[in-house]
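Enquirer: Here's a structure for you.
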Amino acid sequence: MLHGLIRNMCGIVGHVSGGASLRSQEVVMGGLARLEYRGYDSAGIAALGNELQVRKAVGKLQNLRALLKAEPLAPMSAAIGHTRWATHGTPTTTNAHPHTAGHLALVHNGIIENADALRVKLHSEGATFVSETDTEVAAHLINSLYEADGENDTLVAAGGADTQSPAAARLARALLTAMRQLEGTFTLLVIHEDAPGVIVAARRSSPLVLGIGEGENFLGSDVLAFAEHTDKAVEIGQDELAIVTAENIIVTDKDGQVAQPKYYQINFQTEAADKAGWPTFMEKEIAEQPRAIADTLADRFDATGHLALDELRIPAELLRTIDKIVVVGCGTAAYAGQVARYAIEHWCRIPVEVELAHEFRYRDPVVTEKTLVVAISQSGETMDTIMAIRHAREQGARVLAIVNTPGSTISRESDAVLLTHAGREIAVASTKAFTAQLAACYLLGLYLAQVRGNKYIDEIEDYMQKLGEIPAKVQSVLAGAESVRQVARTLAEESSVYFLGRHVGFPVAMEGALKLKEIAYIHAEGFAAGELKHGPIALIDEGVVVVFVVPTPRRPELHAKVLSNIAEVKARGARVFCVAEEGDQAAAELAEAVFAVPPAPTLYLPLLTVVPLQILACEVAKTRGLDVDQPRNLAKSVTVE
Ligand code: F6R
């Protein structure tokens, strides 16, 4: 048995209509479709009709939809749904959520760390487990506490008479007591046959938001779950519980004391979750990059002409004392950090380290009050990055987050936030979030250079002006993308592709390789071009495809070296493709095809050179007939370590 190893990241949706209709099913299925980016191994729904009804299916949501057609649910007063991403164990119908125990059903996001111990205890008390999941343990625990309620008069009176349902109050008491026994992270939505029209929910270190409707209410692990229905939301805090009916929301703290709900307005457009005519979200998001970069750079000067990062809450005096920067992030976000290192060290003369967030705290890094830790994350919910910033703050470091999701855990737990304005990114493979992260890193570097006096105001202005020209240049790369797509269609049968770059082209090469791996399932590796003859060149043979990110000819010391590397692999029979600056004749003569980008300052080139590589991966995956937006085994937010 894998027990607690069956972990999930998952999307959660709940809806209460109060009446008897199929509205909750529609809302929950619609919400799951919008949250499918979080995981898609299996999905399920549980509804409160006259009795508890559950439907679950392995695979994408369309399988659950088909099942609901074949085995329709009866009209319901409330429903909860779940889309799952498991890291261990086969995604089976039995392991899919919702899980049931007695007359209750629940969905869960997170990990119950003491599930094994609880399972043994509950089993000895008579519980029978059918799945391998930690979630089923939570279901049995809450059920047994619900059944035992009344015998234990120390239980608090959560919700009290306001719920107008003794069963709802009893369920809330059971969940509050369970929370004291559960270790780990969780968002739980629970329904019970005794309490029609009620969902009881709680969270610890895992996201949960409520949406307020008229005569109906919503729950989700993300506002995207219900943003098409309402723009009024309630944030549920750490260890808080909510009792949700169609007309009412009661929020309590962990002791069952009623708390004031924290209302807020949802301020992003739900259309962001639609493809707007594009065949895939990834293509739409690649095309949105000029806007994502421009929006991230917009309104950054104050009346005196100084660069002003309004949301940055670390005082300038403190930034002047920083003696080291450590950038943490995972995957694509970490590559953005690697580009940032070149810019920040060059402009500010501060040493910059870049570390994968999941490695950071385990190497016992030297971090002091004078260290600025920069955490980069699109979702703001990546658990590895969250753990890294917690570790950094424990050592006294200041943490600045570059995130795309306002209100996310990383933004809340950091000392300062610099928001990227890429808009909602739905495709699993990150594209516009990456270029927006690069833009934010440049802003940070220039801001530090300004407050620390490394650059004069006119120099900053000049850098900013050139940065402001980048969105139009990205647009021109997009306009010329057909040549990239043509090449991509010839690469669909390749078994390995290598990406090589130097200087800021090195992280871009790694990002290009990551994109191809994750969506086209082709083995790809990114190397520093200079590393080639220290080993990787042994991989080069007749017909092997190598993509070079060529530096600008205006930096001859870099350019000439990469041209030599191209010659070296060509001499061994490689097929060479280059991303190079327009008019780079030398690259054009050596390569089978050149993907041209307009000239730009060296440090800004990644904003342009990454774009053909995104398009290349996307088109290869499409040619192979793969699901570009939801590649196998991956999920958009990696909310487990
Ligand atoms: C790759 C990709 C991932 C993420 C990584 C971090 O295309 O999307 O490598 O960049 O999982 O995610 P965030 O930025 O949400 O912390």
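No lab work stands behind these numbers, since they all come straight from the coordinates. Keep in mind it's a predicted model, so treat the numbers as computed, not measured. Every residue, glycine as well, gets a Cβ built from its backbone with ideal geometry; the counts of neighbours run over all protein chains shown.
Enquirer: Can you show me the helix-derived [θ] at 222 nm for the chain, built from DSSP H runs with n ≥ 4 at -39,500 (n - 2.57) apiece and divided by the number of residues, rounded to the nearest 500.
Expert: The helix-only estimate for the chain comes to -11000 deg cm²/dmol at 222 nm.
Enquirer: Would you grab the residues whose amide H sits under 5 Å from the one on residue 322? Only those 5+ places off in sequence or on another chain, please, with H modelled 1.01 Å from N.
Expert: none
Enquirer: Output the pairs from 60/473; 466/622; 284/455; 570/622; 455/570 with a Cα-Cα distance over 31 Å in this structure; if there are none, say none.
Expert: Violating the 31 Å Cα-Cα cut-off are 60/473; 466/622; 284/455; 455/570.
Enquirer: Peptides 316-325, 598-607: what's the order by average Cβ count within 10 Å, highest mean first?
Expert: By packing density, highest mean first, the sequence is 598-607, 316-325.
Enquirer: Sticking with this one: Once the piece of chain linking residue 493 and residue 103 is laid out straight, how much longer is it, given 0.36 nm per residue of separation minus the C-alpha distance between them?
Expert: So the chain would gain 135.2 nm between residue 493 and residue 103.
Enquirer: Same structure, new question: Loop-only trypsin sites (Lys or Arg not before Pro) in segment 449-481, please: DSSP not H, G, I, E or B, and at most 10 other Cβ atoms within 10 Å.
Expert: Here no loop site has a sparse enough neighbourhood.
Enquirer: In a solvent-free Debye calculation with one equal scatterer on each Cα, what is log10 I(q)/I(0) for segment 228-299 at q = 0.21, 0.23 Å⁻¹, listed in the order of the q values?
Expert: Cα-only, vacuum Debye calculation for segment 228-299: -0.92, -1.02.
Enquirer: Compute the acute angle (0 to 90°) between the alpha-carbon long axis of helix 134-148 and the principal axis of greatest extent of the alpha-carbon atoms of the chain; round to the nearest 10°.
Expert: So the helix axis and the longest Cα principal axis differ by about 20 degrees.
Enquirer: Write down the Å³ per residue value for the convex hull defined by the alpha carbon atoms of segment 498-564.
Expert: 83
Enquirer: Rounded to a whole number, what is D in µm²/s for the chain from Stokes-Einstein with the Kirkwood radius over alpha-carbon pairs (4 °C, 1.567 mPa s)?
Expert: So the translational diffusion coefficient is about 50 µm²/s.
Enquirer: Counting only C-alpha contacts under 8 Å and six or more residues apart, can you give the relative contact order of the chain as a whole percent?
Expert: For the chain, the relative contact order is 11 percent.
Enquirer: Indicate the gyration tensor shape class of segment 295-388 (rounded, prolate or oblate), computed on the Cα atoms with a ≥ b ≥ c the square roots of the eigenvalues: a/c under 1.5 is rounded; otherwise a/b larger than b/c is prolate and the rest oblate.
Expert: prolate
Enquirer: Quick one: which residues, 5+ away or cross-chain, put their amide H under 5 Å from the amide H of residue 582? H built at 1.01 Å from N.
Expert: Correct list: 597.
Enquirer: What order do you get for 111-117, 435-441, 587-593, 74-80 when each peptide is scored by the mean count of other beta carbon atoms within 10 Å, highest first?
Expert: Highest mean packing first, the order is 435-441, 74-80, 111-117, 587-593.
Enquirer: For segment 185-266, which GluC sites (Glu not before Pro) are both in a DSSP coil and crowded by at most 14 other Cβ atoms within 10 Å?
Expert: Sparse-neighbourhood loop GluC sites (Glu not before Pro): 214, 247.
Enquirer: Continuing with the same structure: If you wrap a convex hull around the C-alpha atoms of segment 182-238 and split its volume per residue, what is the figure in Å³?
Expert: With only Cα atoms used, segment 182-238 gives 82 Å³ per residue.
Enquirer: Output the 0 to 90 degree angle, nearest 10, between the alpha-carbon long axis of helix 470-479 and the longest principal axis computed from the alpha carbons of the chain.
Expert: The answer is roughly 90 degrees.
Enquirer: Could you sort 617-627, 24-34 so that the peptide with the highest average Cβ count within 10 Å comes first and the rest follow in order?
Expert: Those peptides, ordered most packed to least, come out 24-34, 617-627.
Enquirer: I'd like the orientation of helix 432-451 relative to the chain: the angle between its Cα long axis and the longest Cα principal axis, in ° from 0 to 90, rounded to 10.
Expert: 70
Enquirer: So, in Å, what gap is there between the alpha-carbon centers of segment 186-223 and segment 262-333?
Expert: Taking the Cα centre of each part, segment 186-223 and segment 262-333 sit 30 Å apart.
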